[in-house]
Every structure is written in C-alpha cells, then in structure tokens.
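Undergrad: This is the structure I want to talk about, given as structure tokens.
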Amino acid sequence: MIFGRKFVIAGLAFFLSGTPLSSRAQTRETSGAIRRVQMGREHSASTLTKDDGREVVEVALDKRVRMGHKRDCSHLVHAIYEQAGFSYPYASSSELYRGTDDFRRVKKPQPGDLVVWRGHVGIVVNPRRREFYSFLRHGPGLDEYDAQYWKQRGPVRFYRYVKGASDSAAQ
C-alpha cells in the first residue's frame, strides 16, 4: 500500500512539473464549437460590463432593429447583439441553453444578459422587475421571466456575453 502511494505521488509530481498548464488543457468538440477546458477552472475572459449591457437593452428596445428574414427569438437576439456591436455566430435557443463559447453562465443577471429556456431566449431588460425582451406570440415585446408561463417551460438560465470569444476561437 505504501509503495502504491509513493508511486502515485511521484507520478503526479512528474506530471505537474514536466508539463505546462496550457498544454494540459483538454479540448473537446461540442455542437461544432471547440471548447477549452482547463482543469475545471474558468478562463478569465472579459464579459459585458453593465454599460455594455445597457447598450444592448437600448438597441433591443429601439423599434428600428432589423431582424432579417427569420422571425423568431434566437434570430431577434442575434440581430440585437450584432447591432449593439457584440458579434457571435448565430446559435439557436437550444444551443444557447446548452452553452456556447460566446456566453458565460451567470447566477445573477444584469441588463443585456441572455435569459434562456429550452427552446426560447430573450434579453434581460430589468433584473429587479424580472423583465426581458424577446420575440413573443404577438411579436417582439417585454414579459416577466418569472411569470407562470415561463416557469412551466422549465429551468431558466442566464448567460453573459464574453468579449472576443468568437475572435479567439477562430484563431
């Protein structure tokens, strides 16, 4: 038993001292995007500031937002982020719910964050009032994400945009 512990400790010491942390990062393919997972730690990438988030909300509430030919929640959110100057490759609400490299999951939303259910996505407008903006049954509009209808859709998740994530993934 003692030989086993010494062997494990020696092997671990060799592994940690001989290999730089960045080369130990594992990669895996997830829905077409390559993710880097580094020993269970998050990357320290810059996310939207509160001012950035307010800019996203301002664009969202502007009636002149151009959506293009696809009229659904994920295309609306994508168009708003693009027009606010925060680009990311289009992703469906289901892909966003699972998580993408362009957004980091957060517990406490701020204005401009994504509010996502399986099959639906919107943009947090006012977290205190739990308001979000999205493409609803009657078209683009506001609703409360803790309303009974949305609770019935299942667990909600919040995501914050990661600045430069698409740029670094392309390199």
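Undergrad: Among residues belonging to the range 88-121 that are of a type in the set (D, E, K, R) and within 8 Å of Phe158 (Cα to Cα), point out the one that is most open to solvent (accessible area, probe 1.4 Å).
TA: Residue satisfying both the conditions and the ranking: Lys107.
Undergrad: Checking the structure you have, find out if any residue of the range 108-130 is in contact with a Lys or Arg (Cβ under 6 Å, 6 or more places away or on another chain) and farther than 17 Å from Val56 by Cβ.
TA: Yes, some residue in the range 108-130 is in contact with a Lys or Arg (Cβ under 6 Å, 6 or more places away or on another chain) and farther than 17 Å from Val56 by Cβ.
Undergrad: Give all pairs with beta carbons closer than 9 Å in which a residue from the range 146-157 that is part of a helix (DSSP H, G or I) meets a residue that is surrounded by 11 or more Cβ atoms within 10 Å (Cβ to Cβ) and among the acidic types (Asp, Glu); count only pairs at least 6 apart in sequence or on separate chains.
TA: Tyr149/Asp143; Trp150/Asp143; Trp150/Glu144
Residue-by-condition table, conditions (1) outside any strand (DSSP E or B); (2) at pLDDT below 95:
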residue: Arg129; (1), (2): yes, no
residue: Phe132; (1), (2): no, no
residue: Tyr159; (1), (2): no, no
residue: Ser166; (1), (2): yes, yes
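Undergrad: Would you call Arg153 surrounded by fewer than 16 Cβ atoms within 10 Å (Cβ to Cβ), out of contact with any helix residue (DSSP H, G or I) (no Cβ under 9 Å at 6 or more places or on another chain), over 26 Å from Ala45 (Cβ atoms) and of a type outside the set (Val, Ile, Thr)?
TA: Judged against the criteria, Arg153 is a match.
Undergrad: Does Lys63 fit the bill of being at pLDDT 75 or above, more than 19 Å from Val116 (Cβ to Cβ) and under 21 Å from the mean Cα position of the chain (by Cα)?
TA: It is false that Lys63 is at pLDDT 75 or above, more than 19 Å from Val116 (Cβ to Cβ) and under 21 Å from the mean Cα position of the chain (by Cα).
Undergrad: Also, I was wondering about something else. Which residue out of Ser23, Ser17, Ser31, Ser46 is at pLDDT 50 or above and not hydrophobic (A, V, I, L, M, F, W, C)?
TA: Ser46 is the lone residue from the list that is at pLDDT 50 or above and not hydrophobic (A, V, I, L, M, F, W, C).
Undergrad: Test Glu131 against the criterion of being of a type in the set (Asp, Glu), more than 18 Å from Thr49 (Cβ to Cβ) and open to solvent by less than 40 Å² (accessible area, probe 1.4 Å), and give yes or no.
TA: Yes, satisfied.
Undergrad: For Gly141, only one of the following conditions fails: (1) closer than 17 Å to Leu48 by Cα; (2) surrounded by 12 or more Cβ atoms within 10 Å (Cβ to Cβ). What is its number?
TA: Failing condition for Gly141: (1).
The values are calculated or read from the model by the stated rules, or taken from the named source; none is laboratory data. This is a predicted model, so every value here is computed, not measured. Cβ sites come from the backbone with ideal geometry, for glycine too, and all protein chains shown count toward neighbours. We work out accessible area using only protein heavy atoms, side chains counted, and drop any ligands, DNA or RNA first. Shrake-Rupley method; radii C 1.70, N 1.55, O 1.52, S 1.80 Å.
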